[in-house]
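Report on the structure given below.
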Amino acid sequence: MGKLNKELLSVVVISVLLALFYLLKVYSPFKKDAVNKNLFKFTSNDVYEINIESKDKKIILSRNGQKWYQKDKQMLFPVDNSRVKEIISSMLSFDKENLVSRNQKNYAQFDVNNNKIVLYDKSHKILAKIYIGKTFGLNSNYIRVGKDVFIVNDVPDIASISDLKDLNPHLINSEDKISKVQIKLPNENISLTKNNKGWYLNGKEVKQERVDFFLNTLKTLKASDILKRVKITPQIKILVVENNKTKTLILQKKRENNINYYLANTDINSNFTYKINGVYLSDILKGKDYFNNPKPSQE
């Protein structure tokens, strides 16, 4: 047999062996959990309550329809649904490939005794319970499920989950859909209208970048806290028309520990009052001159 034929035969044999190795690895009947390697079998729609608990805090989240709420002081506060989905999705992604230990004596070593997340179904039956331990590498943690300790990726960071309440008043959803803005300040009223050419204040065109900055500030506005609804004295009123729907934010200025803040009520959610740091609103509440300056002072 010639040298070329021998080399060709070697290549064929090696390719066949590699193919057989791959098939045995994937489809071997001796490999446990070859098909279902996930730790949990529930679906995201099965989850109706989430408890997040560490040594110094406990957060209880409950679902009503498709919306999530955080229980706090006998009240239900709206929650950022996207953050809840991240927690559920990460737990559904956990697999049981990297089993580390089943020995209870090792729990302290992996620190899998204190921080936990528990998911419940509609009848309050436990769907999943994990104890989150030390980090492993850059993006992994030890977790305990029952008596078993695993290494898994993308574990929710309990330390960073201090509060999941949705602190955005949601006065604006889409800036492009806003056609009118009215601002009632203590000393002046401002009315902005939009047409095909741009934004106008009392018939005079104003700078687009100023209106854009104003609308974006209201859209991304985030309170420092959300409270049970209290009656406030309207000192400032902001009205926006979005998709022909009028929405209103009323503000009362307060001062505490030498810090200015506003209490804010909206007609979007009549159950809550938002506490907003004065710094976030100071620039956009300067009156007509604000819309005529070339650039926002924060830029």
Note to self: Looking at LYS275 and the list (1) basic (Lys, Arg); (2) closer than 22 Å to ASP72 by Cα; (3) exposed (fewer than 15 other Cβ atoms within 10 Å of the Cβ), which single condition is not satisfied?
What the structure shows: (3)
Next item on the list: Could you list, in sequence order, all residues of region 78-115 that are of a type in the set (Asp, Glu), part of a loop (DSSP other than H, G, I, E, B) and either free of Cβ contacts under 8 Å to residues at least 60 places away in the same chain or not assigned by TED's automatic domain parsing to the domain that holds SER140 (or both)?
Entry: ASP111
Margin query: Against the definition (out of contact with any Leu (no Cβ under 6 Å at 6 or more places or on another chain), exposed (fewer than 14 other Cβ atoms within 10 Å of the Cβ) and of a type in the set (Asp, Glu)), how does ASP166 come out, yes or no?
Written below: no
Note to self: Please go through region 131-160 and give me each residue that is under 18 Å from ILE50 (Cβ atoms) and in a loop (DSSP other than H, G, I, E, B), ordered by number.
What the structure shows: ASP154, VAL155, PRO156, ASP157
Next item on the list: Of the conditions (1) modelled with pLDDT of 90 or more; (2) closer than 30 Å to ILE87 by Cα; (3) surrounded by 11 or more Cβ atoms within 10 Å (Cβ to Cβ), GLN182 clears all except one; give me its number.
Entry: (2)
Next item on the list: Scan region 181-234 for residues that are of a type in the set (A, V, I, L, M, F, W, C) and assigned to a strand (DSSP E or B) and jot them down.
Entry: VAL181, ILE183, ILE190, LEU192, TRP199, LEU201, ILE226, LEU227
Check: part of a strand (DSSP E or B), within 19 Å of the chain's Cα centre (by Cα) and either of a type outside the set (Gly, Ala, Ser) or surrounded by 14 or more Cβ atoms within 10 Å (Cβ to Cβ) (or both): does that describe VAL118?
Finding: yes
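Condition check ((1) polar (S, T, N, Q); (2) under 30 Å from LYS222 (Cβ atoms); (3) modelled with pLDDT under 90) across all residues:
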site	(1), (2), (3)
LYS57	no, yes, yes
GLN70	yes, yes, no
VAL100	no, no, no
LYS105	no, no, no
ALA108	no, no, no
VAL112	no, no, no
ASN139	yes, yes, yes
GLY146	no, no, no
Margin query: I'd like to know if region 146-154 contains one or more residues that are in the same structural domain as TYR69 (by TED's automatic domain parsing), touching a residue at least 24 places away in the same chain (Cβ under 8 Å) and under 30 Å from ASP225 (Cα atoms).
Written below: yes
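The values are calculated or read from the model by the stated rules, or taken from the named source; none is laboratory data. Keep in mind that what you see is a predicted model, and the values were worked out from it rather than measured. Counting neighbours? That spans all protein chains shown, and the Cβs are built from the backbone with ideal geometry, glycine included.
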